[in-house]
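Nothing in this text is a laboratory measurement; each read-out follows from the coordinates by a stated rule. Please read these numbers as outputs of a predicted model, since none were measured by experiment. Here the Cβ is made from the backbone with ideal geometry for all residues, glycine too, and neighbour counts use every protein chain on show.
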Amino acid sequence: MRELVVLGTASQVPTRSRNHNGYFLRWDDEGILFDPGDGTQRQMIHAGVSASEVTRICITHVHGDHCYGLPGVLSRLALDRVAHPVRLHYPASGEDIIWPLVAVASPGIDLRLYPHDEAGAIAPGVEVRPLLHRIETYGYRLTAPSQSFAFVMDTAPCAGAEELADGVDLLVAESTFSDDDGNLAAQFRHLTAGQAGTLAAAAGVGTLALIHRC
């Protein structure tokens with residue numbers, strides 16, 4: 001089964017109707033949680049995503065709206081006595097943020113940490129590419145014989161985003177600003193909705209999901 005469950009689409013500040021980031025991908029026998037922002041544990045309950053489904057957590061960068069929900073999710077995994085290993089992927093330069101977040105979570109799960117600091121494969125069928133943001137940021141791409149998926153979060157237009165998006169069936173891409181706010185997007189190194197659309201069209205993407213909206 002392959003399915004994307006969107007848990008939150010807000011950017012730096014949540015809204016009354018949209019939570020911080022959080023995206024859960026059911027991908028065959030994997031359950032991959034991307035960028036768990038504040039409140040992700042609660043959003044999982046609302047969406048019917050069981051903690052026991054999580055096998056891998058992928059963090060693009062360590063700005064709070066992309067990782068501050070990590071302790072709650074890990075604590076829920078411990079509470080539910082999840083026995084299988086959970087693999088956590090994140091930029092190596094973010095260890096000073098990731099380690100404290102892991103430390104305050106409840107112990108008791110088989111959590112395995114995999115920091116990365118360059119482009120390439122990080123697991124079978126999973127690759128990363130560097131993006132262009134204000135801190136070190138990586139996007140993720142999953143490739144299977146019949147389908148592909150890319151997750152491009154918090155970046156200005158760059159080669160890494162193009163490589164990740166190339167020909168994928170589903171591209172999940174940030175679109176923090178409207179095209180009218182292109183100057184702000186450039187200043188803070190984000191994509192506008194139009195830039196995300198241009199990226200998808202040039203890459204021959206099957207479906208584009210725009211997320212991380214102000």
Estimated [θ] at 222 nm from DSSP helical runs (n ≥ 4, -39500 (n - 2.57)) normalised by residues in the chain, nearest 500 = -7000 deg cm²/dmol
Cβ-placed point charges (K, R +1; D, E -1), dipole of the chain about Cα centre in debye, nearest 20 = 560 debye
Karplus ³J(HN,Hα) for region 44-54 (6.51 cos²θ - 1.76 cosθ + 1.60, θ = phi - 60°; Hz, whole; x = Gly/Pro) runs 4, 4, 4, 8, x, 9, 7, 4, 5, 7, 6
Go ahead and run the numbers for FRET between Trp99 and Leu132, Cβ-Cβ distance against an R0 of 35 Å, rounding to 0.05.
-> 0.85
Leading residue at positive end of dipole, the chain (Cβ point charges), from Phe151, Leu74, Ile97 | Leu74
Size of electric dipole in region 1-117: Cβ of Lys, Arg +1 and of Asp, Glu -1, about Cα centre, debye, nearest 20 | 340 debye
Here region 147-163 yields Karplus 3J(HN,Hα) values (6.51, -1.76, 1.60; θ = phi - 60°; whole Hz; Gly and Pro given as x) of 7, 9, 8, 9, 10, 10, 10, 6, 7, 7, x, 7, 5, x, 5, 5, 5
Label-reachable residues, region 59-88, where backbone N falls under 12 Å from a point 7 Å from Ile45's Cα toward its Cβ = 76
Put one equal scatterer on each alpha carbon of the chain, apply the Debye formula with no solvent term, and list log10 I(q)/I(0) at q = 0.11 1/Å to two decimals.
-> -0.47
In the chain, what % of DSSP beta bridges are antiparallel (nearest 5)?
-> 50 percent
For helix 70-79, report the angle its Cα long axis makes with the longest principal axis of the Cα atoms of the chain; keep it between 0 and 90° and round to the nearest 10°.
-> 30 degrees
Counting sequence-distant residues (5 or more places) and residues on other chains, those with an amide H built under 5 Å from that of Leu132 are Ala156
Rounded to one decimal in nm, the spacing of the 7 Å Cα→Cβ label points at Asp28 and Ala78 is 3.2 nm
Report, for region 1-69, the % of DSSP beta bridges that are antiparallel, rounded to 5.
-> 80 percent
Say the dipole of the chain comes from +1 at the beta carbon of Lys and Arg and -1 at that of Asp and Glu; which of His116, Gly37, Ser175 then lies farthest toward its positive end?
-> Gly37
Per-residue HN-Hα couplings for region 110-123, Karplus 6.51 cos²θ - 1.76 cosθ + 1.60 at θ = phi - 60°, whole Hz, x for Gly and Pro?
-> 8, 8, 10, 9, 10, x, 10, 9, 7, 5, x, 6, 10, 6
Among bridges DSSP assigns within region 118-214, what percent are antiparallel (round to 5)?
-> 60 percent
Anisotropy class of region 118-214 from Cα gyration tensor, a/c 1.5 cut = oblate
Taking a ≥ b ≥ c as the square roots of the eigenvalues of the Cα gyration tensor of region 23-97, is the shape rounded (a/c under 1.5), prolate (a/b larger than b/c) or oblate?
-> prolate
With Cα atoms, 0 to 90° folded angle of helix 193-203 axis to the chain main axis | 90 degrees
How big is the charge dipole of region 118-214 about its Cα centre, in debye rounded to the nearest 20, if each Lys and Arg gets +1 on its Cβ and each Asp and Glu gets -1 on its Cβ?
-> 120 debye
